[in-house]
Amino acid sequence: MTYKGHFRIWRGDEEGGSLEDFEVEVNEGEVVLDIIHRLQATQAPDLAVRWNCKAGKCGSCSAEVNGRPRLLCMTRMSIFSADEIITVTPMRAFSVIKDLVPDVSYNYTKAREVTSFTPPEGLGPGEYRMQQEDVERSQEFRKCIECFLCQDTCHVVRDHEENKSAFAGPRFLMRAAELEMHPLDAADRRDDAQDEHGLGMCNITKCCTEVCPEGIKITDNALIPMKERVAGRRYDPVVWLGNKLFKRGS
Amino acid sequence: MSTDTGVHAPPRARLPVSTLRNDRWWVPQVLTIAGLSVFVIYATVRVFLQQNYWVEEYHYLTPFYSPCISTGCVDGAAHFGRFIPDHALIPYAALSLPFLLLFRLTCYYYRKAYYRSFWLSPPACAVPEPHARYTGETRFPLILQNIHRYFFYLAFVVTIINTYDMLLAFQTADGGFGLGLGNVILVVNVVMLWLYTLSCHSCRHVMGGRLKNFSKHPVRYRMWTRISALNTRHMEFAWISLGTLMLVDLYIMLVASGTITDLRFIG
Amino acid sequence: MTEVERHSYDVLVIGAGGAGLRAAIEAREQGLRTAVICKSLFGKAHTVMAEGGCAAAMGNVNAGDNWQVHFRDTMRGGKFLNNWRMAELHAKEAPDRVWELETYGALFDRTGDGRISQRNFGGHEYPRLAHVGDRTGLELIRTMQQKIVSLQQEDYRDLGDYDARLKVFSECTVTQLLNDDAGAISGAFAYWRESGRFVQFDAPAVVLATGGIGKSFSVTSNSWEYTGDGHALAMRAGAKLINMEFVQFHPTGMVWPPSVKGILVTEGVRGDGGVLKNANGERFMFNYIPDVFKGYYADNPEEADRWYSDPNNNRRTPDLLPRDEVARAINTEVKEGRGSPHGGVYLDIASRLSDEEIERRLPSMHHQFKELADVDITSEAMEVGPTCHYVMGGVEVDPDTGAADGVPGLFAAGECAGGMHGSNRLGGNSLSDLLVFGRRAGSGAAGYVSSLTERPTANQAQVDEAARAAVEPFGAGETYENPYTLQSDLQRLMNELVGIIRTEGEMSEALTKLRDLAERARHVGIEGNRQYNPGWHLALDLRNMLLVSECVARAALRRTESRGGHTRDDFPKMDAEWRHTLLECTLDGESVTVTPGEQVPMRADLLELFELTELEKYYTEPELVEHPARTGAQREEGAP
């Protein structure tokens, strides 16, 4: 089945821009990215969009379709009706470069601030022994394709530009959790998570989990367990009292 | 709402509207407000009613009055003694209710629910919140959400008491075994309370989640696995247990006041 | 004169996939200031698409495995055309490279005793593939990306600047390698995709790690980045490409709907009972059992169906013939008009297994079709056809250092380097290739730079020319060629005429048409400005695609035999005389030249790892006179 689809696509750059209307052919089985490509080939050769694998594995084509953060290559046209106007904009938590391409450097900056994997003392290559059940929790987080949709939807930075310096976002709080749960990692990131990465700003409203194309349970499996770990270290009255009485940790 | 912050901050794509979502994103929030409001209003009224909480004949005690520790409590309902003054503004279960309230108030699910619906922070995903500033749970009072775990411990104890009440209700006033519709509702309620309490994120953490190496603690790993499975339905249990609490209380109130009679199967 | 941003480094790595990142880590760890340049964002490279695993003879699952077995499997897979030294290094070093990843933080699936688990795969004698579910490539990329971050954190601690000794230039495309008057590498010329501004890198060593060429084919499992940049850059700098005629087509890629065209359908579907059918509903594979396999495969559906439950008393189904055979059969069915509406055939599992069974045994396939295609494989057949998957050919390099032959300072690793896989790559050998030769190229480049007494200097005229050529598409006249149309014409041409089955007539036609396309490409034009302009980016990539496509077509025309990833309808047999011959592509001014070169004979101790009877199938008689089975000499296995 082929029909003329109605698209409204944001075009512009950081100076300004607007939604432009397009009528474009839509064929059976296509995804939104196919339509963007058809627009490039037929009507707007300089329409900028980021994409790579077109199979939901690289996390490049993140944007917002009808206001919802999505991967363009995983948004099937069949979820829309033929007469519906489909609006596509760049991710709105980041500054825009051009058209559908945002500046995602915030994420790379934050990636550098999480203490890296710290290898255990005295274990050389080939000597690592870990059980499957010990690696499974972190493996879930390593499914992350870094599409940054969770960063885009998180209201902490989406609605408050000023929080960006103090908040690493769900993706990188999850990275801290991943390493905390790594059976052989030797570092402790609990204080950093709270003081440097802004874990306390997270109010666990779960939008990150809702938009994750990999289905990672970011909130339940990474952020809340991380909050619990921090609570155990920082806000546990028994531990606090113990530290006072026995002067531990000083 | 300021127009030059958040999604309208200048380097971002310039768009006249705050959200382009065209679905009915407010529906879950409206339902949440309705659901929570019903419970809060009902519970408040019931707690200060100070009557119709105990069915002497079948030993039914509503969880809203358990443990009944006020000097105003009727004789049979007070299993743990009566030691707080009887006053119209002091609930009969004044020792347990605040902790149960705080347990639910600091619960990770309820936090999500009321932050979204009552505080609109955010109203829905990718819908801007109407606040100029946001600090999350970094400051007083919200930083106190971090002590959820201790309310879990206390709620655990209260749930044991609720279980005890539920068991006592199988004994009728004449000392024999009894079973009525009230017992069935009490059992269902206690089961749901346990499911809600055990599926708590803090429970999941202390039972095993805090460990780095599961393989060295096989028993705790098994517990963690089970609790994790329950945890995925924490939201469901949160709502169902609110409902069963109201149901069991309403039923006992109606039986105690003589409005209806308990449907008896045995005794 | 154009304004050009300028940076100076010791080593420049082009490409941020597995090979590029491993090369960069190595160069930086050897103390050199290193830059990584990549067309996409950091961490998005095509390596993420690799699913199965990374082959390394660690022997964790079967202790019988060792490097010699892996070496033999690799040589067999490549039909003995492989560069044996590369295959040797690869087999020996892959385990160390995998273990190293664990120290960077990788989390592979585990065995019961806590070691890295390994899985079976086609062509590998033992379970050998280290894996993480079906997302091993992502794990590799992310692990090395995070290792780079950790090195940058070290530099931040020591020097106050994350980028002090290792910097990633993402969304930056190299259009030209720079060399000094003597021909030695002196840097590279690039543009920022974001702004269109030019960048000049001064560096005495460049490591190419740009991946493959698959985007020149219309049905491909490769992403837009696979435009053969490294291949083309190397040729223009004076290097040689070898084995360009060998392109691997996977028999079962999705062909419909368009959104998923080319995406792989795992062989596991057929292994679990899926069968291939044509438009008439016939299980056509029974008509395509070649003579050499007659007797090994069932010749009727009844026996084939019994094989799944009773493999000992029945012969296996021809649906599981080797990949090239299946791909050829599908191709013939489609050409003879028995294909599906969208140019494939049907792969039917729905009528063969229960819904629950399909979901249990093929969860990822079920998910893939559901999510990407809205196809429920439990109730409908999949449409599949051959898809371009990998190019065995690439820059001819020194096996030990990755140094490109003939261009001082140029190195290559990964898919854009040639030789390692011979005429056909085994599944799982590509990820290990990236690690082993990425590291070697990084180390080779570091060694080269350290040995220099004087650095080659950039040639300003060359820079100016590169800048001029880059903006050429903006100066097209009133009427110009649309780059998107050109690209799709090229893809169709390569797919149809230089695809999986080749004939002299079709390839000659392809060369003529390629010349026409090259002429049209001269008049390619674009709209808009230089800021993030995909039309412009494609116009520049097209030059590389055209050049590399010509190499493939010319080499394929020249090789008059069928071997691995090169199938000639007019020369269907393997020819031992061609086994020791490598076709080398070079660029002479504007024209591509293909010349035959001699393969270096395998070292005696390696040759002795094979039975004489096996070698006789591939080698000419004079090549085997030295084999101990002929001379009667006794040697212990593996002794030097």
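The values are calculated or read from the model by the stated rules, or taken from the named source; none is laboratory data. For clarity, every value in this text was computed on a predicted model and none was experimentally measured. Neighbour counts are summed over all protein chains in view; Cβ atoms, including those assigned to glycine, are modelled from backbone coordinates with ideal geometry.
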Subject >> Test result for A:Asn52, polar (S, T, N, Q) and closer than 28 Å to A:Glu210 by Cα >> reply: yes
Original post:
Quick check: anything in the range A:128-150 in contact with a Gly (Cβ under 9 Å, 6 or more places away or on another chain) and more than 11 Å from chain C (Cβ to nearest Cβ)?
Top reply: yes
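Restricting the search to the range C:309-325, which residues are under 17 Å from C:Arg352 (Cβ atoms), in contact (Cβ under 8 Å) with a residue 12 or more places away in the chain and surrounded by fewer than 23 Cβ atoms within 10 Å (Cβ to Cβ)? Even if it seems obvious, please write down each step before you answer.
Our first condition is that a residue be under 17 Å from C:Arg352 (Cβ atoms); within the range C:309-325, this holds for C:309-311, C:314, C:316-320.
Those still in the list that are in contact (Cβ under 8 Å) with a residue 12 or more places away in the chain too: C:314, C:316-320.
Within the range C:309-325, C:Asn314, C:Arg316, C:Leu320 meet the criteria.
Could you grab me the full set of residues in the range C:80-129 that are in a loop (DSSP other than H, G, I, E, B) and within 14 Å of another protein chain (Cβ to nearest Cβ)? Outline the logic, then answer.
Step one: filter the range C:80-129 for residues in a loop (DSSP other than H, G, I, E, B), giving C:80-83, C:105-109, C:111-115, C:117, C:120-128.
Within the range C:80-129, C:Gly105, C:Ala106, C:Leu107, C:Phe108, C:Asp109, C:Thr111, C:Gly112, C:Asp113, C:Gly114, C:Arg115, C:Ser117 qualify.
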**OP:** Output the qualifying pairs, or none if there are none: Cβ atoms under 6 angstrom, residues six or more apart or on different chains, first residue in the range C:147-161 and more than 7 Å from every other protein chain (Cβ to nearest Cβ) and without any contact (Cβ under 8 Å) to a residue 24 or more places away in the chain, second residue surrounded by fewer than 16 Cβ atoms within 10 Å (Cβ to Cβ) and of a type in the set (Gly, Ala, Ser).
**Re:** C:Asp155/C:Ala164
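Quick grid of which residues meet (1) touching a strand residue (DSSP E or B) at 6+ places or on another chain (Cβ under 6 Å); (2) within 14 Å of chain A (Cβ to nearest Cβ); (3) within 17 Å of C:Ala441 (Cβ to Cβ); (4) touching a residue at least 40 places away in the same chain (Cβ under 8 Å):
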| position | (1), (2), (3), (4) |
| --- | --- |
| C:Ala27 | yes, no, yes, yes |
| C:Val36 | yes, yes, yes, yes |
| C:Phe42 | yes, yes, no, yes |
| C:Gly53 | yes, no, no, yes |
| C:Asn60 | yes, yes, no, yes |
**OP:** Scan the range A:1-28 for residues that are under 27 Å from the mean Cα position of the chain (by Cα) and either within 10 Å of chain C (Cβ to nearest Cβ) or in contact (Cβ under 8 Å) with a residue 60 or more places away in the chain (or both) and jot them down.
**Re:** A:Phe7, A:Arg8, A:Ile9, A:Trp10, A:Arg11, A:Gly12, A:Asp13, A:Glu14, A:Gly17, A:Leu19
**OP:** Considering every residue within the range B:169-191, establish whether at least one is modelled with pLDDT under 95 and either in a helix (DSSP H, G or I) or β-branched (Val, Ile, Thr) (or both).
**Re:** yes
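Suppose we keep only residues that are in a helix (DSSP H, G or I) and buried (at least 23 other Cβ atoms within 10 Å of the Cβ) within the range A:202-217. Which one would you say is farthest from the chain's Cα centre (by Cα)?
Quick first cut of the range A:202-217, residues in a helix (DSSP H, G or I) only: A:207-211.
Of the ones still in play, those that are also buried (at least 23 other Cβ atoms within 10 Å of the Cβ) are A:207-208, A:211.
On the way: A:Cys207: 10, A:Cys208: 7, A:Val211: 8 Å.
Looking at residues that are in a helix (DSSP H, G or I) and buried (at least 23 other Cβ atoms within 10 Å of the Cβ), I get A:Cys207.
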Subject >> Enumeration of residues in the range C:390-409 that are farther than 18 Å from C:Lys215 by Cβ and in a loop (DSSP other than H, G, I, E, B) >> reply: C:Asp398, C:Pro399, C:Asp400, C:Thr401, C:Gly402, C:Asp405, C:Gly406, C:Val407, C:Pro408, C:Gly409
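Quick check on the range B:104-113. Is at least one of its residues over 16 Å from the mean Cα position of the chain (by Cα), touching a residue at least 60 places away in the same chain (Cβ under 8 Å), crowded, with 18+ Cβ neighbours inside 10 Å and assigned to a helix (DSSP H, G or I)? Explain how you work it out, then say what you get.
At the first step, the residues of the range B:104-113 found to be over 16 Å from the mean Cα position of the chain (by Cα) are none.
No, there is no match, as no residue in the range B:104-113 is over 16 Å from the mean Cα position of the chain (by Cα), touching a residue at least 60 places away in the same chain (Cβ under 8 Å), crowded, with 18+ Cβ neighbours inside 10 Å and assigned to a helix (DSSP H, G or I).
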Subject >> Criterion violated by C:Ser8 - all others in (1) buried (at least 24 other Cβ atoms within 10 Å of the Cβ); (2) touching a Phe, Trp or Tyr at 6+ places or on another chain (Cβ under 9 Å) satisfied >> reply: (1)
Original post:
So which residues in the range C:235-250 are assigned to a helix (DSSP H, G or I) and more than 18 Å from C:Ala553 (Cβ to Cβ)?
Top reply: C:Arg236
**OP:** Considering only residues that are out of contact with any Asp or Glu (no Cβ under 9 Å at 6 or more places or on another chain) and of a type in the set (Gly, Ala, Ser), look in the range A:33-56 and name the one that is farthest from the other protein chains (Cβ to nearest Cβ).
**Re:** A:Ala55
**OP:** Residues that are in contact with a helix residue (DSSP H, G or I) (Cβ under 6 Å, 6 or more places away or on another chain): find the helices (runs of 4 or more DSSP H) completely inside the range C:497-614 holding 3 or more of those.
**Re:** C:504-521, C:534-558
